[in-house]
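Bear in mind that the values in this text are calculations on the coordinates, not laboratory data. Source: prediction; values computed, not measured. Glycine gets a Cβ as well: all are built from the backbone with ideal geometry, and neighbour counts include every protein chain shown.
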Amino acid sequence: MGQSMAMKILTQNLLEGELKHGNEIKIKVNQTLTQDSTGTMVYLQLEKLEIDKVKTDLSVAYIDHNMLQQGFENADDHDFIKSVAKRHNIIFSKAGGGICHQVHLERFGKPNTVLIGSDSHTPTGGGLGQIAIGAGGLDVAVAMAKGFYNLVVPKIYNVQLKGKLANYANGKDVILKILQKLTVKGGTGYIMEYTGEGVKNLSVTDRATITNMGAELGATTSIFPSDERTREFLIAQGREEDFSPLEPDPDAVYDEMFEINLDGIVPMVACPHLPDNVKRVSDIKNLKVDQVAIGSCTNSSYTDMMKAAKILEDNRVHEDVSLVISPGSANIMRILAENGALSTFIRAGARILESGCGPCIGMGQAPKSAGVSLRTFNRNFKGRSGTFDAEVYLVSPQTAAISAIKGFLTTPEHLDLDLEVEELTSYGKNEAYLIYPVEEDSNSPVVMGPNIKEVPIGEELGEKIEGKIILKTGDNITTDDICPSNARLLPFRSNVPYLSNFAFSTLTPDFKKVAEEHNGGIIVGGDNYGQGSSREHAALVPLYLKVKAVISKSFARIHFANLINSGIIPLVFDNSEDYDKIDFLDDVVIPDIQSAIKNGRARLVNKTKNIEINLIAAFSERQIAVLKMGGYLNYVKNS
Ligand code: MIC
Ligand code: SF4
């Protein structure tokens with residue numbers, strides 16, 4: 001039986017377990033990446049694991065998220081991460097060097113390897129034929145300390161591509177089209193594998209845009225072949241030696257499949273407030289735009305920037321629009337400075353930001369009240385921009401640039417514009433932002449500022465779980481809801497006690513008060529609970545507030561793992577209609593939880609309503625042991 005590309009790499013890296021859908025396996029990790037907003041927790045946890053050098057071939061710590069530095073907190077976090085990186089043989093990418101996923105694609109990503117990153121958009125590496133998976137911080141710390149990662153074997157979804165994109169269309173329009181079809185939970189439990197003759201017509205960076213936003217489908221990861229275009233990209237990045245080919249066997253077996261004709265792709269837009277609320281741009285008339293932002297790990301490559309520059313050349317940004325531009329890496333910024341594109345942006349009236357996440361995670365550039373913001377980013381959750389009532393639309397760089405000139409949402413589709421951008425044959429290098437570890441640094445001290453607080457650690461599991469339902473949510477609750485992120489809160493990513501004041505604040509003003517009044521309790525969620533970012537703070541904050549379990553219709557993959565890692569039990573309604581049989585502040589008990597997690601089934605007694613509800617408690621042997629010990633850190637230290 002032929003193998004898919006994903007199965008080939010997983011087979012190569014398999015350490016333990018059987019490669020069968022649904023099984024938990026242990027795989028060797030070749031590379032890791034972290035960024036600063038999840039990184040402080042990763043490195044606090046890595047220090048607790050008391051290691052010498054990382055066990056991976058390559059680990060990189062990027063600073064790209066928290067860069068406003070309006071107080072000492074961000075800078076202290078950067079220093080802390082730098083000091084730990086030095087001690088353990090980790091490459092450090094300084095603030096300004098660029099967005100982790102873009103820089104990793106350019107400098108380090110390697111076909112046929114496994115990359116684990118503490119950021120949900122790590123699958124960007126799939127554009128290079130890598131199995132690149134986003135994970136919680138502790139999983140990444142363990143990957144560095146021990147060289148492995150535990151993964152539940154996903155199914156494989158084959159997307160067959162044919163044809164060629166028109167030059168007004170972008171990888172972004174392809175993935176938005178897929179999101180329209182599959183929704184934000186349609187990829188859950190799958191690896192998206194792109195094949196077909198259309199693949200060769202997509203640049204590596206267009207491929208990376210597609211794999212990047214596979215995260216929005218809920219997919220474990222997404223992967224493209226490694227072919228001649230991959231080789232050319234790696235040659236242009238000065239690292240041909242990292243190339244190796246990857247393609248599926250001709251008789252590869254897939255669980256699901258559909259076809260996309262790239263010829264037919266037209267500019268698409270994700271409307272507020274979810275990335276799957278997708279329409280054709282041409283179907284939205286007269287949408288006046290206040291802000292346009294071009295950048296983020298989804299669309300900040302050299303070719304994306306140049307397409308925007310071509311549209312802006314000899315034009316002027318509309319007087320009612322603020323256009324902000326953040327190239328994905330310092331190297332791209334340098335190239336744009338040298339080839340004149342940067343001056344094109346400035347002549348057009350754009351605002352140039354440093355290379356980093358910036359507005360994508362609400363670090364500045366919050367839109368005006370009820371403002372309409374058009375962004376080339378990947379997430380448009382309510383409030384994420386920093387303005388709660390802003391309306392954020394997700395589009396391609398081509399659509400963004402033309403709309404910035406016109407002042408309303410429009411596409412370059414029917415305009416006679418030359419949008420052809422040649423890929424570079426040499427990107428050169430910009431090493432100035434990278435600090436490579438040297439032997440002498442292995443004993444250098446860890447530097448910790450006053451804002452860096454201890455990581456909360458769970459307690460051993462008791463005989464039963466008992467308490468009040470302290471929150472009941474709807475479907476598709478994001479980790480941005482559970483632990484919001486914006487310019488005011490990101491400086492506190494290493495301070496869980498402080499962050500706990502804002503838990504669920506997009507849904508309710510007093511979650512913390514209720515949790516404290518009842519000494520913790522149980523949360524009830526709908527479908528796809530915990531979608532979005534990989535931030536384990538969305539589990540650590542509830543742990544700190546003594547949440548014992550979350551019961552939901554279904555969970556997003558990374559958050560499910562993060563809850564287990566924190567010792568909080570994620571349980572699923574056996575019959576999702578039972579969701580209606582529990583209400584806020586009901587008194588509940590789950591008796592005999594120790595055997596429930598072993599047997600895979602739990603019983604919840606709703607004492608307030610005098611009814612019983614069946615729950616699924618399906619965990620691997622390892623997860624059961626982790627839950628019993630009160631979290632993964634306790635487990636790893638004791639095993
Ligand atoms: C995001 O895009 O939501 C983030 C910010 O990059 C997160 C990580 C975080 O919360 O720090 C992610 O995607 O995992
Ligand atoms: Fe940064 Fe936005 Fe990408 Fe997250 S999605 S890594 S915040 S650019």
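Counting pairs of alpha carbon atoms under 8 Å apart in space and at least six apart in sequence, what relative contact order in percent does the stretch 599-639 give? Numbers along the way, then the final one.
Numbers: 33 pairs, mean separation 11.8, N = 41.
It comes to 29 percent, rounded to a whole number.
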Exercise. Working from Cα positions, state the angle (0 to 90°, nearest 10) between the long axis of helix 330-339 and the longest principal axis of the chain.
Key: 10
Exercise. Any chance you could check the Cα centroid distance between the stretch 173-212 and the stretch 298-356 for me, in angstrom?
Key: 25
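What are the semi-axes of the equivalent ellipsoid for the chain, taken as the square roots of 5 times the Cα gyration tensor eigenvalues, largest first, in whole Å? Display every interim value, and only then the final one.
Working: eigenvalues 274, 145, 129 Å².
Each semi-axis is √(5λ); the values are 37, 27, 25 Å.
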Quiz item: Taking N as the number of residues in the stretch 28-156, what value does Rg over Cα atoms divided by 2.2 N^0.38 Å take?
Solution: 0.98
Quiz item: In deg cm²/dmol and to the nearest 500, what is the mean residue ellipticity at 222 nm of the chain if only DSSP H runs of at least 4 residues count, each as -39500 (n - 2.57), divided by the residue total?
Solution: -8000 deg cm²/dmol
Exercise. Using Cα pairs closer than 8 Å and at least 6 residues apart in sequence, work out the relative contact order for the stretch 226-329, in percent.
Key: 20
Quiz item: Gain in length, GLU431 to SER595, computed as 0.36 nm per residue apart minus the alpha-carbon separation, to one decimal in nm?
Solution: 53.6 nm
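Can you tell me what percent of all Cα-Cα pairs in the stretch 223-327 are more than 21 Å apart? Write out the running numbers ahead of the final one.
On the way: 3322 of 5460 pairs.
Here the long-distance tail beyond 21 Å is 61 percent of all Cα pairs in the stretch 223-327.
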Practice problem: Compare the Cα positions of ILE235, GLY567, SER4 along the charge dipole of the chain (+1 at Cβ of Lys, Arg; -1 at Cβ of Asp, Glu; about the Cα centre) and return the one farthest towards the positive end. | Solution: GLY567
Quiz item: Taking the Cα centre of the chain as the origin, how large is its charge dipole in debye, to the nearest 20, when only Lys and Arg (+1) and Asp and Glu (-1) carry charge on their Cβ atoms?
Solution: 720
Quiz item: Contour minus end-to-end for GLN12 and ASP314, with contour as 0.36 nm per residue of separation and end-to-end as the Cα-Cα distance?
Solution: 103.5 nm
Quiz item: Angle, helix 36-48 long axis vs. longest principal axis of the chain, Cα atoms, 0 to 90°, nearest 10?
Solution: 40
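Shape of the stretch 518-604 from its Cα gyration tensor (a ≥ b ≥ c, root eigenvalues): rounded if a/c is under 1.5, otherwise prolate when a/b > b/c, or oblate?
In terms of gyration-tensor shape, rounded.
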Quiz prompt | the chain: angle of helix 397-406 to the longest principal axis, Cα-based, in degrees nearest 10 | solution = 70
Exercise. Note the full-extension length gain between ASP263 and ASP251 as 0.36 nm times their separation in residues minus their Cα-Cα distance, in nm to one decimal.
Key: 1.7 nm
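Rounded, prolate or oblate: which fits the stretch 236-390 when a ≥ b ≥ c are the square roots of the eigenvalues of the alpha-carbon gyration tensor, with rounded for a/c under 1.5 and prolate only if a/b beats b/c?
Values: a/c = 1.84, a/b = 1.23, b/c = 1.50.
Oblate shape, in that a/c is at least 1.5 and b/c is the bigger or equal ratio.
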Self-check item: Positive-end residue, the chain charge dipole about Cα centroid, Cβ charges, pick of GLN623, THR32, ASN158
Solution: GLN623
Quiz item: When the dipole is taken about the Cα centre of the stretch 345-475, and only Lys, Arg (+1) and Asp, Glu (-1) are charged at their Cβ, what size is it in debye, to the nearest 20?
Solution: 880
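For the ranges 447-458, 243-254, 323-334, 529-540, what's the packing order if you count other beta-carbon atoms within 10 Å of each residue, average per peptide, and put the highest first? Provide the component values of the computation, followed by the final result.
Values: 447-458: 17.0, 243-254: 15.2, 323-334: 26.0, 529-540: 29.2.
Per-residue Cβ counts within 10 Å, averaged per peptide and sorted highest first, yield 529-540, 323-334, 447-458, 243-254.
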